[in-house]
Protein chains: 2
Amino acid sequence: MNPDLRRERASASFNPELLTHVLDGSPENTRRRREIENLILNDPDFQHEDLNFLTRSQRYEVAVKKSASMVQKIREFGISDPEEITWFKKLHVINFVEPMNLNFSMFIPTLLNQGTTAQQEKWLRPAKELQIIGTYAQTELGHGTHLRGLETTATYDPETQEFILNSPTVTSIKWWPGGLGKTSNHAIVLAQLYTKGKCYGLHAFIVPIREIGTHKPLPGITVGDIGPKFGYDEMDNGYLKMDHYRIPRENMLMKYAQVKPDGTYVKPVSNKLTYGTMVFIRSFLVGEAARCLAKACTIAIRYSAVRHQSEIKPGEPEPQILDFQTQQYKLFPLLATAYAFHFVGAYMKETYHRINEDIGHGDLSELPELHALTAGLKAFTSWTTNTGIEACRMACGGHGYSHCSGLPNIYVTFTPTCTFEGENTVMMLQTARFLMKSYDQVHSGKLVCGMVSYLNDLPSQRIQPQQVAVWPTVVDLDSPDSLAEAYRLRAARLVEIAAKNLQTEVSHRKSKEVAWNLTSVDLVRASEAHCHYVTVKLFSEQVLKIQDKSIQAVLRNLCLLYCLYGISQKAGDFLQESILTDSQVTRVHQRIKELLTVIRPDAVALVDAFDFQDVSLGSVLGRYDGNVYENLFEWAKNSPLNKAEVHESFYKHLKPLQSKL
Amino acid sequence: MNPDLRRERASASFNPELLTHVLDGSPENTRRRREIENLILNDPDFQHEDLNFLTRSQRYEVAVKKSASMVQKIREFGISDPEEITWFKKLHVINFVEPMNLNFSMFIPTLLNQGTTAQQEKWLRPAKELQIIGTYAQTELGHGTHLRGLETTATYDPETQEFILNSPTVTSIKWWPGGLGKTSNHAIVLAQLYTKGKCYGLHAFIVPIREIGTHKPLPGITVGDIGPKFGYDEMDNGYLKMDHYRIPRENMLMKYAQVKPDGTYVKPVSNKLTYGTMVFIRSFLVGEAARCLAKACTIAIRYSAVRHQSEIKPGEPEPQILDFQTQQYKLFPLLATAYAFHFVGAYMKETYHRINEDIGHGDLSELPELHALTAGLKAFTSWTTNTGIEACRMACGGHGYSHCSGLPNIYVTFTPTCTFEGENTVMMLQTARFLMKSYDQVHSGKLVCGMVSYLNDLPSQRIQPQQVAVWPTVVDLDSPDSLAEAYRLRAARLVEIAAKNLQTEVSHRKSKEVAWNLTSVDLVRASEAHCHYVTVKLFSEQVLKIQDKSIQAVLRNLCLLYCLYGISQKAGDFLQESILTDSQVTRVHQRIKELLTVIRPDAVALVDAFDFQDVSLGSVLGRYDGNVYENLFEWAKNSPLNKAEVHESFYKHLKPLQSKL
C-alpha cells in the first residue's frame, strides 16, 4: 500500500468498517453486498476491458457481450432481489450503461403493469429469454418533456382490426430510446391514439421493429443509432420512424384503456398509478447522485493524499496537496454533500416503499407530496452532483483531465441525469406547484403536513406588524438542529416571496399561466430552498440516530460543514430577513475553515468507508494500492496511438509537405 | 432560413453588423477577418470532416494532415500577421487542437528568445521547414505547477563536453507536452542543471528525440502517447523518459545563462523577461474564454429560438423555449458575461502590447500588476466560462448531450484552461499576493496605482469609529457606473478581511507560510472580488465609449444584467457591510427579471453579432439555416454504429446466450 495512504488510514479517528455498515444499513447488508461483488471479481470469466482504449463500436460490442453474459450470470448465481441485482450490475458493467438494460428496466415492467394477462403470456417469456429484446420509445426528435406534444399517431382501422402507426413529420421521429439503435427487435411505442375519428391521447403499443432471426428492420420501419454523444458510448440510443406501419389490435397494452374490435374506446378507471414508476426512478436517481459524487470524492481525495506538490514552507519537502486549505475547501464540502445525499437517498427509498404499500391498500394521500419531493430532490441532488464531479476532476489538476482518472467517464455518464427523467428546471417547477398549493391551503386556513408543515407558521407571522423582527435570531452555528431551523426559515421566506410575486403578477395580468412563467425564477428559487432544507433536516436527524460515538462525531462535523457551507454560498438569503446576523455570517466563514482542519485527518477513512470495490476498475488515481505514478505510466503505454500504423500515416502526410517548404 | 430565426432577426432593435464591427475593433477588421475566413471556406482543398464519427487514431491522423496543410496554406496565401494567422487557424482546425502547434507556438519562440545567434542559425530554418518538429517539455508525471520540484537533470560532463539528460524516477518522466507522443522529433527540455557538482536550477536544452528520416526514438529515449483524455483527441500529448542521454554542450540554450566548455557556470543578467510569455498566453486565454462562451451561447440561444416545447397557455401552440423565463435566466446572464469577457480580453491584449513596448524601452514598472491581473483574470474568466458552457449545453436538453450540438466538444476543449498555464487556484493566490502587497503598501502610508487604487481609500476609513456606516449606500441599480462602485467597495472589503485574517494567523503562529495557507480561502475570495470588480469596471467603461445609440442601449442592458446578476449571486457580500440594503437586494432580483424581458427580442441578433462562421462546421444546432431537425436526422444517419459489421458482432454474442436461457 502507498505509504501516504497507510499513514492516513492509521491516523483516522474512527473505524471506517463501522461507517460502511451505517451506509449499507447493517453489517449483514455490507457482508451480502461484498459477497455479490466478489462473485464478479472472483469469476474467471469476468474481464474488465479498459473502455477508454476502445472505439465506440468496440465499446458497444463489449457492452452487448457483457450485457448478455450478465443476464446469464445473474440466473446462474440465483440472484433475484432487485437491490442485489443492482449491486451485481454496478460492478459488472462499469457506469451501468448496457444496451439490453431497457428490456429489463422498461419493456418487461411496462408489460407487467399495463398489459393484460393474455398479453403477458404472449410476450413475457420471450422477453425474459431474450428472443424478444424490447425498449421503450417515448421521446421524439422535436418533443421531450411535454408529453401532450408527442406527434406519433396510432390510428385504429376496424376493417383489418389493426393500428396504423405513423411518424407524420421529422419532429415526430422517436429519438433517444436506449438499445433502439442496434439492439432491440421490439419497442413499446407511445403514440396518440385515434379511433372513430377522435384522439384519445397517449397510449402504449407493442411494436415489432426488427425481424426475429435476421434482425433486419421490418418493412415500414426506419431505425438506427442517433450518433455519438458526450458519453454513453456503449449505448445505442436510437431513432425510429414508422411509415403507416400496421400492428394487430392486440398489440395495444389494454389492462386499463381499451379499444374494442369495432373501434369503441373504453376509458381507464384511474390514471394516478402511472405516477408510481416516475416516482420510483426519480428517488432511485437521488441515491445514484450520492453514489457518483461519493465515487468522485473517493478518487480526488485519495489522489490528493498521494500527490505531493509545491511548498508550504520553503526548503521543506513538498506537502500532500490535501494539506492545502484551498484543496480541502474544494473537496470536503463535496464529501459532506455526498454523505448528505446518501441519507436523503436512503430516506427516499424507504419512503417510496412505505407509500407504495399504502397505495397497495388504496391510500393515495401521501402520493402528491412524495411526487413533488422526488421531482425537486432529483433536480437538487443531480445539479449539485454534476458540478461536484467536475470540481473533483479539476481538483486532480492535469491528471483529472486524463481518462486515467476515471473522472471524465463518471461525469459524462452522470450528467444526463440533469436533463432526463424530467428536465431539472421542469422538476423544480413541479415541486414549486406543490409548494404554492400548500401555501394557498395554509392561506385559506387549512393546515398542511409533511415536509411543508413549516408553512403553517407563516400566516400567524403576517399578523405581526414587523414581520422581519420575529424570526428567532438565536441560531446556534454549532448545532445541526438549529441550522436546520435556519434553513427552514429561509425556505418559508422564499416560498412566501414566490407566492406573493405570483399573486402580484396575477393582479397585473389576466392569465394565471403567464403569471406563472413570469414568476418562475422565484419559484425555482423557492423549490431549491425547500430541497436544501429537506436535505439538511434529514442529514441532521440521521446523525442523531447513530450509536457509535466516534462515527457520530465525525458525521456530525460533516453535517455541520454541509450546513455552514450552504449558508456561506447563499448568505444573502439568510441575512436578508435577519435569520442570521452580519457577525454570524462572518463567523460561518471562519467556522468552515476550522472544520476543514478538523476533518482533514479523517478524510481518507471517510472515502474508504464508501467501500467502492469498482473504483480500481475505472480509475488509476482511485486505486486502493495507490502506486499512482507507476500505474499511470503502465496505463499510458497501452494507448492505441502508441501503435506503429499511426506513425506511418503520420509520415504519409508530412513528407509531401516537407518537400514544399 | 428557419422562420423562427427570420422573425427573431427582423424584430431586433439594432443592426448586428454594427455590433460585429465593435467586437472586431473596426469595420475594416471585420472585413479582413471575413476575407481570411473565406480563404478557407472557399478553398476547394478544405474539407471539414465530422470528427465525432472518427476514432481517436483517425482524429489524430486528420489533425496531422490539417496541421501540415495549414502551414502550407498560410505561406501560400501570404498571411503573416499573428492575429490573422489565429483567425485562419480557428476556422481551419476546429477547436484549435493541432499536433504541430507547439513547434510554432513554443519551440521556435523559445529558440528565438533564449537561443544564441549560432543556435538560431542551426535550428530555426529546419524547424520552419518542418524537418525539425519541436515541442516544449516542462511538466513531469509527478510535478506541475511547482517548477522547483521538477526532477529531470542535465549534468555537464567536461570531458566529452556533453550534457547527460536523465529521468531519475518515475515521477520525473516528462508528461503532457503536446505533439510529443507521436509527432515531434525534437523537444526543448527543462531540466535542473548540474555542473561542477552544483545545481543551478532549471535551464532549457534542445534534445533530439527521434531520428530524422526514420522517426524512430533514439537510443536512450523512451517516448509515447500518454493515453486518451476527456478531450484533445487530436493531440498526441506525450511522455518522455531519458536514460543518461547525452547531448552536445551547444544544445543548452545559452543567450542568458551559459556553461563554459570547462563547466564554469555563467549567470544570466536578469530573469524578469521570462514573465513576458506567461503574461501573453494568459491574457490570450481571457479572450479565448470570451470566444468559447460566446460560441456556446450562440448555439444555445439559436436552438432555444427554434425549439418549441411545452405550453405557457393550455391549448395554444408550443412556444419557443426562449420565451420561458427560466430559460432566459439560464442564458442571458451568460450572454452578458460573454460580452463582458470580450471587452476584458480586448483590454488585456491592448495593455499587454502597451506594456510590452514599455519593456522594450526598459520600463518594467507596470509588469507586476499586469502579471497579477492576468493570473487572476485567467482564472476568473475560465472558471466562469467552464460552468457557463455546461449550462448552455444543459439548456439544450437532450440534444445538448449529443455531439450534434457541438457543445460537448467546446467544453472538453476549453476545460483544461482551468488547470493548465497555471492552475486556477494557484493563479488566484498569485493575484492575492499582489493584493496583499498593495494593501501593506497603503498601510505603511504609500499610495498604490492602477486597478488596486481603491485600496488607497481604506486606511482613512479605519480612523472612523463606525466603519460600517461610512459606505456611500446610495448605489443606483440602474447605473453601470454606480454598480461598478459597489463592486469596488466589495473588493476593498474582502481584500481587507483577507489581510486582517492573514495578520491574525501570523500573530498566532510564527510562520508566514503556514498563516498564508490558513488564510488561502479568504485570499482566493478577495482575488475573485477584485477580478469581478475589474470586469464590471471595464465593461461599463467600454459601453460608454460606443457611438451608435441603439448598440449602446443594448450593451448597456447587458452590462446592467451582468452587474445585477453577480450581485444576486453574491448578495451576502453586498449586504454584510451595507453596500446595499435589504430592499435593494430584493429590487435586484426583480430588476433581473425585467431585464430578461427587455433583452429577449434582441437575443438572436446579439449572438449573430459574434459572427461565428465556424459554428456551422462543429454544431448542427448552431447553424445559420436552422433546419435543425432535418439536419439532425441527416447527421445521425452517418453514425458509424449504423454499419452492418456492428450488427453482425451483436448476434455473435447474443445467439449463444439465447440458447441457454
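The values are calculated or read from the model by the stated rules, or taken from the named source; none is laboratory data. Keep in mind the model is a prediction, meaning the values are calculated, not measured. When we count neighbours, we look across all protein chains shown, and the Cβ atoms used for this are built from the backbone with ideal geometry, even at glycine.
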Q) Within the range A:508-531, can one find any residue that is of a type in the set (Phe, Trp, Tyr), surrounded by 21 or more Cβ atoms within 10 Å (Cβ to Cβ) and either within 14 Å of chain B (Cβ to nearest Cβ) or in contact with a helix residue (DSSP H, G or I) (Cβ under 9 Å, 6 or more places away or on another chain) (or both)? A) no
Q: State all residues of the range B:53-78 that are basic (Lys, Arg) and in contact with a Pro (Cβ under 7 Å, 6 or more places away or on another chain); if no residue qualifies, say none.
A: B:ARG56
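Matching residues to (1) buried (at least 23 other Cβ atoms within 10 Å of the Cβ); (2) in contact with a strand residue (DSSP E or B) (Cβ under 6 Å, 6 or more places away or on another chain); (3) at pLDDT below 90; (4) more than 30 Å from B:ARG307 (Cα to Cα):
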site: B:MET348; (1), (2), (3), (4): yes, no, no, yes
site: B:THR351; (1), (2), (3), (4): no, no, no, yes
site: B:LEU373; (1), (2), (3), (4): yes, no, no, yes
site: B:GLY398; (1), (2), (3), (4): no, no, no, no
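Rundown of residues vs (1) touching a helix residue (DSSP H, G or I) at 6+ places or on another chain (Cβ under 8 Å); (2) within 30 Å of B:LYS643 (Cα to Cα), yes/no style:
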residue: B:GLU61; (1), (2): yes, yes
residue: B:SER69; (1), (2): yes, no
residue: B:ASP81; (1), (2): no, no
residue: B:THR86; (1), (2): no, no
residue: B:ASN103; (1), (2): yes, no
residue: B:THR117; (1), (2): no, no
residue: B:GLN131; (1), (2): yes, no
residue: B:HIS146; (1), (2): no, no
Q) Here are B:LEU373, B:LEU322, B:LEU377: which of them is part of a helix (DSSP H, G or I) and either out of contact with any helix residue (DSSP H, G or I) (no Cβ under 8 Å at 6 or more places or on another chain) or within 14 Å of another protein chain (Cβ to nearest Cβ) (or both)? A) B:LEU322
Q. So, in the range A:380-409, of the ones that are among the polar types (S, T, N, Q) and in a helix (DSSP H, G or I), which residue ends up farthest from the other protein chains (Cβ to nearest Cβ)?
A. A:THR381
Q | Members of the range A:179-205 found to be closer than 30 Å to B:TRP635 by Cβ and either within 13 Å of another protein chain (Cβ to nearest Cβ) or among the small types (Gly, Ala, Ser) (or both), listed by number | A | A:GLY179, A:LEU180, A:GLY181, A:LYS182, A:THR183, A:SER184, A:ASN185, A:ALA187, A:ALA191, A:ALA204
Q. Quick one: how many residues across the range A:375-393 are surrounded by fewer than 22 Cβ atoms within 10 Å (Cβ to Cβ) and either closer than 20 Å to A:LYS437 by Cα or in contact with a Lys or Arg (Cβ under 8 Å, 6 or more places away or on another chain) (or both)?
A. 1
Q: Please find, within the range B:214-244, the residue that is nearest to the other protein chains (Cβ to nearest Cβ) out of those that are within 18 Å of B:ILE188 (Cβ to Cβ) and charged (D, E, K, R).
A: B:ASP236
Q: Would you confirm whether any residue within the range B:153-166 is at pLDDT below 95, touching a helix residue (DSSP H, G or I) at 6+ places or on another chain (Cβ under 7 Å), buried (at least 21 other Cβ atoms within 10 Å of the Cβ) and farther than 24 Å from B:PRO82 by Cα?
A: no
Q. Any residue at all in the range B:59-67 that is hydroxyl-bearing (Ser, Thr, Tyr) and touching a Lys or Arg at 6+ places or on another chain (Cβ under 9 Å)?
A. yes
Q | Candidates B:ALA644, B:ALA609 - the one that is modelled with pLDDT under 95 and either of a type in the set (Gly, Ala, Ser) or out of contact with any strand residue (DSSP E or B) (no Cβ under 7 Å at 6 or more places or on another chain) (or both) | A | B:ALA644
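This table checks each residue for (1) crowded, with 21+ Cβ neighbours inside 10 Å; (2) closer than 30 Å to A:MET428 by Cβ.
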position: A:THR110; (1), (2): no, yes
position: A:GLN131; (1), (2): no, no
position: A:HIS143; (1), (2): yes, yes
position: A:THR169; (1), (2): no, no
position: A:TRP175; (1), (2): yes, yes
**Q.** Considering residues of the range B:523-541 that are out of contact with any Lys or Arg (no Cβ under 8 Å at 6 or more places or on another chain) and among the charged types (D, E, K, R) only, the residue nearest to B:TYR347 (Cα to Cα)
**A.** B:GLU541
Q. Where residues in the range B:144-155 are in contact (Cβ under 8 Å) with a residue 12 or more places away in the chain and within 14 Å of another protein chain (Cβ to nearest Cβ), which of them is farthest from the chain's Cα centre (by Cα)?
A. B:GLU151
Q) Would you pick out the residues in the range A:297-319 that are assigned to a helix (DSSP H, G or I) and more than 18 Å from A:GLY388 (Cβ to Cβ)? A) A:ALA305, A:VAL306
Q. Among the helices (runs of 4 or more DSSP H) contained in the range A:549-661, which hold 1 or more residues that are touching a residue at least 60 places away in the same chain (Cβ under 8 Å) and either more than 7 Å from every other protein chain (Cβ to nearest Cβ) or surrounded by fewer than 16 Cβ atoms within 10 Å (Cβ to Cβ) (or both)?
A. A:549-569, A:571-576, A:582-599, A:603-608, A:615-618, A:628-637
Q: Within the range A:156-178, work out how many residues are under 19 Å from A:CYS199 (Cα atoms), more than 14 Å from chain B (Cβ to nearest Cβ), assigned to a loop (DSSP other than H, G, I, E, B) and of a type in the set (S, T, N, Q).
A: 1
